[in-house]
Amino acid sequence: MNSVIERIGHFLEVRNYPPTRLEAELGLSNGSLSKSIKTRKNIGSESLAKIVNKFEELNPQWILTGKGEMLFQKEVIAEKPEKTEEQIIPIAYEGKIKYFTKSEFNQLNVRIPIIDSVSEAGAPQFLEKIKETDDLPAFTFPAGMFSNKIKYLALQVYGDGMTPGIQNGDCLIIREIDRSSIRAGHVYVIVTDDVLAVKRVKPFKEEQKLLCISDNAYYDSYEELYDNVIKTFAVECKISYSFSLIEKLDKKRDF
């Protein structure tokens, strides 16, 4: 079976499901599917989507590529609970259709609220916004990428103070830390009464101050007293929406 339509025909034959019946149920043209199966002429994407969506046990990967099993194992296709106080979320999980309650779904995924540093207009609004994050837009990542026991935030930043490492518009995944955990040379979000800054930091514990350094050499470094710092966030990683142009990869290859 080298084509999609051949695999559809085989599936219907195994299921003892007449193509004419499927045509009527899906609103397809009379005889169109039967003719396609006989002539081995593939059907349109809209008709294919209707067929795949109708049969939950049918493996879409097998239909499209011939790889894997034709049917999902019945025991892993969970029945939708009839009554529950929690919201039910049907999703494709590990290649199978399963139903999860909202709490179960949250255990499998990590929701990271997004805060725009421009629209929030600085430190006071940022501090107020992070108190209630349920209504904010958010990224959702598998729990294997981030711990669902830690409260992360996604801070979208603007400006060129930390270029080239952090570009204008990048989103930083951050988590709050204790000031004593700051390590020299790492990037942090430093929040004071009136400033929210993304800087590379060097702590001076005896002098009770931080040296805040921009990666962009055009910006001057400055010192911030410990007493002025309200919150400190470690930058875990970044999500970038752009790529820097590479002028020259090496001496032998030009762009």
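The values are calculated or read from the model by the stated rules, or taken from the named source; none is laboratory data. From a predicted model like this one, the values you see are computed outputs, not experimental measurements. So basically every Cβ, Gly included, is an ideal-geometry build from the backbone, and we count neighbours across all protein chains shown.
Select from region 21-37 the residues that are in contact with a Leu (Cβ under 8 Å, 6 or more places away or on another chain) and either outside any helix (DSSP H, G or I) or surrounded by fewer than 14 Cβ atoms within 10 Å (Cβ to Cβ) (or both) and list them in ascending order.
Start the filter on region 21-37 by keeping residues that are in contact with a Leu (Cβ under 8 Å, 6 or more places away or on another chain), which leaves 22-23, 28, 33, 37.
Scanning region 21-37 gives a single hit, 28.
Got at least one residue in region 85-101 being over 27 Å from the mean Cα position of the chain (by Cα) and modelled with pLDDT under 85?
Of all residues in region 85-101, those over 27 Å from the mean Cα position of the chain (by Cα) come to 85.
Those left that are additionally modelled with pLDDT under 85: 85.
So far as region 85-101 goes, yes, one or more of its residues are over 27 Å from the mean Cα position of the chain (by Cα) and modelled with pLDDT under 85.
Residue 105 versus (1) surrounded by 15 or more Cβ atoms within 10 Å (Cβ to Cβ); (2) at pLDDT 75 or above: which is the lone unmet condition?
(2)
Conditions (1) in the same structural domain as residue 146 (by TED's automatic domain parsing); (2) in contact with a Ser or Thr (Cβ under 7 Å, 6 or more places away or on another chain); (3) within 24 Å of residue 128 (Cβ to Cβ); (4) assigned to a loop (DSSP other than H, G, I, E, B), marked per residue:
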site: 199; (1), (2), (3), (4): yes, yes, yes, no
site: 203; (1), (2), (3), (4): yes, no, no, no
site: 206; (1), (2), (3), (4): yes, no, no, yes
site: 212; (1), (2), (3), (4): yes, yes, yes, no
site: 215; (1), (2), (3), (4): yes, yes, no, yes
site: 218; (1), (2), (3), (4): yes, no, no, yes
site: 223; (1), (2), (3), (4): yes, no, no, no
site: 233; (1), (2), (3), (4): yes, no, yes, no
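Filter region 38-47 down to the residues that are surrounded by 15 or more Cβ atoms within 10 Å (Cβ to Cβ) and either touching an Asp or Glu at 6+ places or on another chain (Cβ under 8 Å) or more than 9 Å from residue 5 (Cα to Cα) (or both) and list them by number.
Step one: filter region 38-47 for residues surrounded by 15 or more Cβ atoms within 10 Å (Cβ to Cβ), giving 43, 47.
Scanning region 38-47 gives a single hit, 47.
Name the pairs whose Cβ atoms lie under 7 Å apart, with the first residue in region 45-62 and closer than 20 Å to residue 18 by Cβ and among the polar types (S, T, N, Q), the second modelled with pLDDT of 85 or more and surrounded by 14 or more Cβ atoms within 10 Å (Cβ to Cβ), and 6 or more positions between them or separate chains?
47/28
What residue, among those in region 202-218 that are out of contact with any Leu (no Cβ under 8 Å at 6 or more places or on another chain) and charged (D, E, K, R), is surrounded by the most Cβ atoms within 10 Å (Cβ to Cβ)?
Ranking the qualifying residues of region 202-218, first place goes to 215.
Yes or no: residue 160 in contact (Cβ under 8 Å) with a residue 24 or more places away in the chain, touching a helix residue (DSSP H, G or I) at 6+ places or on another chain (Cβ under 8 Å) and more than 12 Å from residue 231 (Cβ to Cβ)?
Criteria not met by residue 160.
Find the residue count for region 186-197, including only residues that are crowded, with 17+ Cβ neighbours inside 10 Å, within 22 Å of residue 128 (Cα to Cα) and either under 26 Å from the mean Cα position of the chain (by Cα) or not hydrophobic (A, V, I, L, M, F, W, C) (or both).
Going through region 186-197, the residues crowded, with 17+ Cβ neighbours inside 10 Å turn out to be 187-191, 196-197.
In the following step, the residues that additionally are within 22 Å of residue 128 (Cα to Cα) were identified as 188-191, 196-197.
So of that shortlist, the ones also either under 26 Å from the mean Cα position of the chain (by Cα) or not hydrophobic (A, V, I, L, M, F, W, C) (or both) come out as 188-190, 196-197.
Residues meeting the conditions: 5.
Answer yes if at least one residue in region 196-206 is touching a helix residue (DSSP H, G or I) at 6+ places or on another chain (Cβ under 6 Å) and under 15 Å from residue 229 (Cα atoms), and no otherwise. Don't jump to the end; show me each part of the working.
First, the residues of region 196-206 that are touching a helix residue (DSSP H, G or I) at 6+ places or on another chain (Cβ under 6 Å): 196.
Remaining after also requiring under 15 Å from residue 229 (Cα atoms): 196.
Yes.
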